[in-house]
Every structure is written in C-alpha cells, then in structure tokens.
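The values are calculated or read from the model by the stated rules, or taken from the named source; none is laboratory data. Keep in mind that this is a model prediction, so the values were computed, not measured. Positions of Cβ are backbone-derived with ideal geometry, glycine not excepted, and every protein chain shown enters the neighbour counts.
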Amino acid sequence: MSLDLQNIINASMDIKDDFQDTKVDEALDMLVRHFKEIGENQIDITWCVDDIRCLGYECTDEEGMEVLDLVLRKHDAEYGVNWDVLEWYCSDFKLKKTKELDKDFLDSIKRGQPDGSFRSNKSFREEVSDE
C-alpha cells in the first residue's frame, strides 16, 4: 500500500468524523501539516514484488515483501537500490529463479544509453561532477 498525502488526509477526516474530539482534531491537523512539509522536500522511488518477478524469481507476495524489507533495511546507501542489488538479495534469500530476465524488458531498461549499456552509479557521479 502506498502511503501518500491524500491517503493521510482522507484517513484524518474519517477519524475526525468518528471521534468529534478537539484534541484528536488538533493532533491529526499536526500530522497532516508534518506530511505536507516533508512531502515538499523529498522523492520516493518504489520497488514492488512484481519487480522481483520481472527478474525471473518465483515468490509469493509475502516472500517478495520479506526480500524488499531486507533490501530497505540492509542496502548500501552508497549504491542505492537498483536491479543488480535486487537480484543479489533475491538470490541471497534463496528465491527460486524460474526464468532469466525478459529480453524485451532488459532492452527497455538499456534504452536510456545510446550504446545500450548500463551506467554504474560511479560513472554517473563522475559525469555529474564534471558538469
């Protein structure tokens, strides 16, 4: 489930309607203000269980979420989360790989580079620092 500002606002209004309490109203207003403030100064990149399946791994939603939770808690922030990182955690978690990465999908990822190659985080940082 995605937790976005609109979901928080809707939940807040539902709770206010149910409780009709000034303290609850104030607390929920503070919560909404907080999420509005942090939402203006951040981005989110989302990975999902279907991404694991795109890599060719067979998993239940629960197994996939265990892998994603592990990725979230243990990934190296120096490199972030990318397809290689996700592949490593799936393998480490001992998920069963039933097929190789779909070639059309792989090609669509590679299209970002004129020569079809992947760009590592390191080469990207070097390119940005040269500008």
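Here is how the numbers come out for the structure above:
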{"item": "Selection status of Lys16, closer than 30 Å to Cys90 by Cα and basic (Lys, Arg)", "result": "no"}
{"item": "Every residue from region 57-69 that is more than 13 Å from Lys94 (Cα to Cα) and in contact (Cβ under 8 Å) with a residue 12 or more places away in the chain", "result": "Asp61, Met65, Leu68"}
{"item": "Region 19-43 residues that are at pLDDT 75 or above, paired with ones that are part of a loop (DSSP other than H, G, I, E, B) and not polar (S, T, N, Q) (beta carbon under 9 Å, 6 or more apart)", "result": "Phe35/Leu3; Phe35/Asp4"}
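Yes/no matrix, rows are residues, columns are (1) under 16 Å from the mean Cα position of the chain (by Cα); (2) closer than 28 Å to Asp4 by Cβ; (3) modelled with pLDDT under 90:
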| position | (1), (2), (3) |
| --- | --- |
| Cys54 | yes, yes, yes |
| Met65 | yes, yes, no |
| Arg73 | yes, yes, no |
| Gly80 | yes, yes, yes |
| Trp83 | yes, yes, yes |
| Asp92 | no, no, no |
| Lys97 | no, no, no |
| Leu106 | no, no, yes |
| Gly116 | no, no, yes |
